[in-house]
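Chemist: Before anything else, here's the structure in question.
Please treat every number below as a calculation from the coordinates, not as lab data. For clarity, every value in this text was computed on a predicted model and none was experimentally measured. Glycine also receives a Cβ, built like all others from the backbone with ideal geometry; neighbour counts cover every protein chain displayed.
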């Protein structure tokens, strides 16, 4: 987990394929300045995701943990709250913005990943759907779990929002 040395955002997603798998993806800045996504925090049995996220939260004090409440991962909100993990819940417009920003990062060569097989497979099979006047990832892709891609997209969105808010600004009164 190379990027977990600096500030990091996490996002969680549960697979639409029988809800068997769950993904936790980390996003943070690589020393090159590009955004790096890492599936190493967790990819496995859905039942283990809350415990793993609670451990990651204590160990890394992430800038945010993102879960789309309108996704399969919405069922994690209460268990994570009970485990003391604060969660950021994007609205439909935020999910559409996250999708567009993720595609822009890829197109502009500003996104790195570690060639982890589940994420690579999800990217190769990715499809889009309409959402909030824009696009978002289609989560229900036949035979290929999209949870790593959705989690990577939301982790990038959360990390970029934190970067925007953490920069000093000038206010004119």
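Chemist: Which members of the stretch 71-85 meet the condition of being touching a residue at least 24 places away in the same chain (Cβ under 8 Å), farther than 11 Å from residue 13 by Cα and surrounded by fewer than 18 Cβ atoms within 10 Å (Cβ to Cβ)?
Modeler: Quick first cut of the stretch 71-85, residues touching a residue at least 24 places away in the same chain (Cβ under 8 Å) only: 71-73, 75-76, 79-80, 83-85.
With farther than 11 Å from residue 13 by Cα added as a condition, the list becomes 79-80, 83-85.
Scanning the stretch 71-85 gives 79, 83, 84.
Chemist: Here's another thing I want to ask about it. Can you tell me which residue in the stretch 95-140 is farthest from the chain's Cα centre (by Cα), limited to those that are within 19 Å of residue 15 (Cβ to Cβ), in a loop (DSSP other than H, G, I, E, B) and free of Cβ contacts under 8 Å to residues at least 40 places away in the same chain?
Modeler: Only one residue tops the list, namely 127.
Chemist: Let me ask something else. Restricting to the stretch 36-53, name every residue that is surrounded by 14 or more Cβ atoms within 10 Å (Cβ to Cβ), out of contact with any helix residue (DSSP H, G or I) (no Cβ under 6 Å at 6 or more places or on another chain) and in a strand (DSSP E or B).
Modeler: Within the stretch 36-53, 40, 44 meet the criteria.
Chemist: Across the stretch 59-103, what is the total count of residues that are more than 23 Å from residue 16 (Cα to Cα) and in contact with a strand residue (DSSP E or B) (Cβ under 9 Å, 6 or more places away or on another chain)?
Modeler: Here the count works out to 6.
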